[in-house]
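Below is one structure; the comments refer to it alone.
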Amino acid sequence: MTSKPIAFTLNGEAASFEGERDTPLLWALRDHFGLHGTKYGCGMAQCGACTVHIDGTPRRSCITPISSVSDQKVTTIEGVNGKVADTVIAEWIRHEVPQCGFCQSGQVMSAIGLLSTKPDAGDAEIDAAMRGNICRCATYVRIRQAIRDAAKALST
Amino acid sequence: MITLARPTRREMLAGSGLILALALPIGREPADAAETSADPIFMPNAFVRIAPDDSVFVVLKHVEFGQGPATGLTTLVAEELDADWGQMRTAMAPANDALYKNLIYGTQLTGGSNSIRNSWIQMRTAGAAARAMLVEAAAQRWGVPAAEIDIERGIVSHGTHRSGFGALAADAARLPLPSSPVLKTPDRFTLIGKHVPRIDSPAKSTGKAVFAMDVTRPGMVHSAILHPPVFGAILQSFDASKALAIPGVLHAAAIPQGVVVYARDTWAAMRGRKAINAQWDLSKAETRSTETLHRVFAEATRTPGAEAGRKGDVDAGLKSAAHSIEAVYHFPFLAHAPMEPLNAVIEIGDGRADVWNGTQYQVGEMKAVAETLGLPFEKVTLHQQIAGGSFGRRSQPLMDFGRELAEVAKQSPDRAPVKHLWTRENDIAGGRYRPLTAHRLRGGVDAAGEIVAWDQVIASQSVFSGTPLEAMKIHEGLDTAIVEGAVENGYRMINHRVGVHVLQSGVLPLWWRSVGNMHTSYAIETFLDRLLELGGHELLAGRLALAADDRMKGALTRVAEISNWGGSIAEGHARGIACRRTFGTTVAQVVELSRGADGQPKVHKVWCAVDCGIAVNPSIVTAQMEGGIGFGLGHALFGEISMTEGGRVEQHNFDGYRSLRIHEMPDVEVSIIESGAAPTGVGEPGVPPIAPAVANAWRKLTGQAITRLPFSRGITA
Ligand code: FES
Ligand code: FES
């Protein structure tokens, strides 16, 4: 590896990656940083299972080359925190959203992303923000309910 | 009464080793792992393990892939044990038919929506036996009669004496097994039928749940596989030079299933897979298009086929009918596309193998691995994981995946442990589909409007053709899985005949959530709707009059109540109804829809009544109905695997194989019918009624009967 390491912030800590620069962030996270909460579902930005936050915005890590996150803040399900995250996760557990659970890291990260910018999101905004996240178990009824209740809790 | 043997010392050790290996039981935060890592010391049977710290482990013989057995089976034990829900933990059973077989199938297999059904008495007996021994241990320690001892929420008490389970565990372990532990009567249930929080929600909401894909082993490499581009194609030669030039790629090898690329990480393996240049021999390949197959299958239904069921005289009935109709239905191949593509970790060496996998058929998968590696079964250890969905995909009659995995292990560079991961493209274009199927229905009503003839001929592939199960499952050209729900179709029929053609194609078929019920439900409930209308019947009343049993009547009545069937609805909306019994559970659904902007059905709301006997966990029952409705709806709207002339699959990922998304998910209202009957399953029965209910509503709205699925293809402008 001749090129210089890619430096970024991963879950609040300095991180550096020395492998292939075009490695998707997803595989860097999973195979090199041992963070397995972020999932592979399609590899082409179709399913949202790989959703992480880059500088606070939900992004599909499967199509994000690691070189593009240089100097940016990457947050995964393992590192996400704060009031919005806590509220969303609490509602997820209370509504018993997950079935197989495999899509849920991505769902939760998308929901946190939505409510971080729009704490009072309504149904149309929920649909728009979440339609990139496939759940093959079709837990959508509870996803919607959990986000509605999280929005309620956050906006009071 | 089921008697549960105390496991042998070897089995106990296997069990306890297993639990320790699973330092993070599902549903638990890491903080709990230390707390629960205490070695269980009381193991009264194969299912219950109690540790000195009061943790109660329930060993799960069924795979948890979302349908809820981790919570359900644990509830059954906790109920009879009078444990506190907070002290319950789960562990995965190893592959062992003697201890962990499905009591309905006789082997350790999860399917047929019967995890709770087959375990209902067994798991409660396991809990009751453990309870009796804890009580006896307390009686001896305190010198009081066992009959006077009480247990409530994990606390054993008598007068001023109180103890947790852990403190009694060592004594209890020395007692003889109770001969016939007494089970509670349902009026004494405190957990069954109540709200018990799903045990895996926390881990699955925080990214902490560990799937096979998340397992790593020291020195592990990653592999990806290139499968034949056409079903039945055989590898002639391949050139891996481009793949091997990719940094991180270690090795490429041909195995019977395709070309495998080994690499230091997944990304390199996937890139290597794409860079393989392979030549295939197509001489034995299936090169027909799905359009051709649809034609061939529909054509076959012109003759009666093997008789699956017959009542009365259909031909006479058709002749006497005042009005008759005929319809030909086309059902496409469907991929399961579980969210977690098939994958596993395998490590071989020293005449043994270890496999980390979330398999639906523990024993079958390990047999396939053992056979392929030439090892005795006992030398293959399964470390069972939770699975990211399955819908039937994680078991196959030939256990193809286990065989592929073992071949991958054989070629692994330096015999390194390997994580073998299918890409989504492997998953969607790789076969093992819900078989393409055609139905031909002919029916008629007499002058009074009564249905006097129902003739149904089905042409489909059999999941069992060409497998060791063929002799057992196919009799005189008849595979009963194909006609599931069609012979006893839920309605009283005077003249009724069901015929089957088991056809062949080079595409490998597989059971798929609700199996034959998926297509038979659609054909039956939509055709019935038309016949009822032809006979001048109201569609609910007509069904109620024909319903063959009270549970079906009950479900129809309930769904009519909660949906206010017959009440006024919004302009431009229409409703449809369907009711099916699948694997012993009856589900009735009412759908309300309108025409969406894209000209396709826009489903606004689904009402669902379910009779599954005692609902062990009402929240999970409801979730399975919601999920089953979404799954069934998505496939009815867009689900199709198609092949062009030449045999190439046209769908490779979720762009081509559309999945239901959140904005397409209707509101769902579920009502569970109160019942004292033994529980039946809920994983599959929510699926079959939804597609016909939507089609019935659509016909009401537009006059168009949809006979070709998916709707995106069957609805023509
Ligand atoms: S894996 Fe990234 S969107 Fe599917
Ligand atoms: S919970 Fe299984 S895919 Fe979403």
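A short reminder: the numbers here are calculations on the coordinates, not readings from a lab. These numbers were taken from a predicted model, which means no experiment stands behind them. As a convention, Cβ positions derive from the backbone with ideal geometry for all residues, glycine included, and neighbour counts pool all protein chains shown.
Nearest 20 debye, what's the magnitude of the dipole of the protein assembly as shown about its Cα centre given +1 on Lys and Arg Cβ and -1 on Asp and Glu Cβ?
The calculated dipole for the protein assembly as shown is roughly 580 debye.
Considering only the other residues whose Cβ falls under 10 Å of the Cβ of B:HIS573, what net charge follows from Lys and Arg at +1 and Asp and Glu at -1?
Combined, the nearby Lys, Arg, Asp and Glu give +3.
Residue by residue, what Karplus-based ³J(HN,Hα) values in Hz, rounded to whole numbers, does the stretch B:323-331 have, using 6.51, -1.76 and 1.60 with θ = phi - 60° and x for Gly and Pro?
Calculated HN-Hα couplings, in order: 9, 9, 9, 9, 9, 10, 10, 10, 10 Hz.
Taking K and R as +1 and D and E as -1, what net charge do the other residues with C-beta under 15 Å from the C-beta of B:LEU81 add up to?
Around B:LEU81, the surrounding residues sum to -1.
For an R0 of 51 angstrom, estimate the FRET efficiency from the Cβ-Cβ distance between B:ALA545 and B:VAL182 and round to the nearest 0.05.
0.70
Along Cα→Cβ, 7 Å out, is where each label goes; now give me the distance between the ones at B:ALA448 and B:GLN236 in nm to one decimal.
Result: 6.9 nm between the two label points.
Among A:CYS50, A:THR75, A:PHE8, whose Cα projects farthest towards the positive end of the dipole of the stretch A:6-75, with charges put on the beta-carbon of Lys, Arg (+1) and Asp, Glu (-1)?
Most positive-ward Cα: A:CYS50.
Shape verdict for chain B, please, from the Cα gyration tensor: rounded (a/c under 1.5), prolate (a/b greater than b/c) or oblate.
The shape class here is oblate.
Tell me, in nm to one decimal, what length is gained between B:ASP150 and B:GLU538 on full extension, where the rule is 0.36 nm per residue of separation less the Cα-Cα distance?
In short, 134.1 nm is gained.
Considering the options B:LEU250, B:VAL463, B:ASN45, tell which one lies farthest towards the positive end of the dipole of the protein assembly as shown, charges being +1 on Lys and Arg and -1 on Asp and Glu at the Cβ, about the Cα centre.
In the protein assembly as shown, that residue is B:LEU250.
Kyte-Doolittle cut-off 0.5, length cut-off 24 Å along the helix's own axis using Cα: show which whole DSSP H helices in chain B pass.
Membrane-span-like by this criterion, though nothing is claimed about a membrane: B:618-638.
Looking at the stretch A:1-93, which GluC sites (Glu not before Pro) are DSSP coil and have at most 10 other C-beta atoms within 10 Å of their C-beta?
none
Quick one: net charge of A:GLY19's neighbours, Cβ under 15 Å, K/R +1, D/E -1?
Surrounding charge for A:GLY19 is 0.
Using only the alpha carbons of the protein assembly as shown, determine the length spanned along each of the three principal axes and report them from longest to shortest in whole angstroms.
77, 76, 63
Pull out the extension gain between B:GLU650 and B:ARG302, defined as 0.36 nm times the separation in residues minus the alpha carbon to alpha carbon distance; nm, one decimal.
Going from the current span to full extension adds 122.4 nm.
Identify the GluC sites (Glu not before Pro) of the stretch B:639-716 meeting these criteria: DSSP loop state and at most 13 other C-beta atoms within 10 Å of the C-beta.
B:GLU645, B:GLU674
Antiparallel versus total DSSP beta bridges in the protein assembly as shown: what percent is that, nearest 5?
Expressed as a percentage, antiparallel bridges in the protein assembly as shown total about 75.
Take every DSSP beta bridge whose two residues both sit in chain B, then give the antiparallel share in percent to the nearest 5.
Of those bridges, close to 75 percent are antiparallel.
For a Förster distance of 45 Å, can you work out the FRET efficiency between the beta-carbons of B:HIS663 and B:LEU398, rounded to the nearest 0.05?
Between B:HIS663 and B:LEU398 the formula returns 0.70.
Apply the Karplus curve 6.51 cos²θ - 1.76 cosθ + 1.60, θ = phi - 60°, to the phi angles in the stretch A:124-134 and return the couplings in whole Hz, x for Gly and Pro.
5, 5, 4, 4, 5, 6, 9, 6, x, 9, 7
What full-extension length gain, to one decimal in nm, is calculated for B:ASP171 and B:GLU470 as 0.36 nm per residue of separation minus the Cα-Cα distance?
Gain on stretching B:ASP171 to B:GLU470: 102.6 nm.
Could you work out the mean projected area of the convex hull around the alpha carbons of the stretch B:378-429, in square nanometres to one decimal?
For the stretch B:378-429, the mean projected area of the Cα convex hull comes to 4.9 nm².
Only sites in a loop by DSSP and with at most 12 other Cβ atoms within 10 Å count here; which trypsin sites (Lys or Arg not before Pro) in the stretch B:251-323 make the cut?
B:LYS284, B:ARG302
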